[in-house]
Amino acid sequence: MTELRHRLILHAYVTEKSMDEMERLNKLEFVVDRRANRAEIKAAVEALYQCKVAKINIKIVRVGKIATVRFGKEFSAEDIGGRAGVF
């Protein structure tokens with residue numbers, strides 16, 4: 001299962017907008033596998049970063065599928081971003 005989680009979440013997607021959302025709205029963006037659905041992404045993020053996901057929004061852009069993940073109030077997107085390699 002660990003190998004599958006690492007294949008679903010490819011890397012963090014960092015833009016000015018995503019950095020602003022991380023600070024203000026407790027959200028992070030990840031580039032994910034195009035075949036992954038919301039439930040799989042949620043399970044993978046929760047398992048990789050030991051956190052609680054409140055909501056996931058998905059958009060498909062030129063670089064691939066982007067998942068915007070909002071975390072529960074007890075978890076900080078900035079801390080999780082540090083573990084994900086955003087900084």
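Derivation of every value follows stated rules applied to the coordinates shown; laboratory data play no part. These numbers were taken from a predicted model, which means no experiment stands behind them.
Largest first, the extents of the alpha carbon coordinates of the chain on the three principal axes equal 30, 28, 21 Å. The mean sequence separation of alpha-carbon pairs under 8 Å and at least six residues apart, normalised by the residue count of the chain, gives a relative contact order of 32 percent. Karplus-derived 3J(HN,Hα) values for segment 17-31, using 6.51 cos²θ - 1.76 cosθ + 1.60 with θ = phi - 60°, are 5, 5, 5, 5, 5, 5, 6, 8, 10, 6, 10, 10, 10, 10, 7 Hz; glycine and proline are entered as x.
Taking the chain as a Gaussian network of alpha-carbon nodes connected by springs under 10 Å, the highest mean-square fluctuation of the residues V61, V69, V32 belongs to V61. Subtracting the Cα-Cα distance of E78 and V63 from 0.36 nm times their residue separation leaves 3.1 nm of extension gain. Helices in the chain, meaning DSSP H runs of at least 4 residues, each add -39500 (n - 2.57). Divided by all residues, the mean residue ellipticity at 222 nm is -12000 deg cm²/dmol. Extension gain for K55 to E40 (0.36 nm times residue separation, less C-alpha to C-alpha distance): 4.1 nm.
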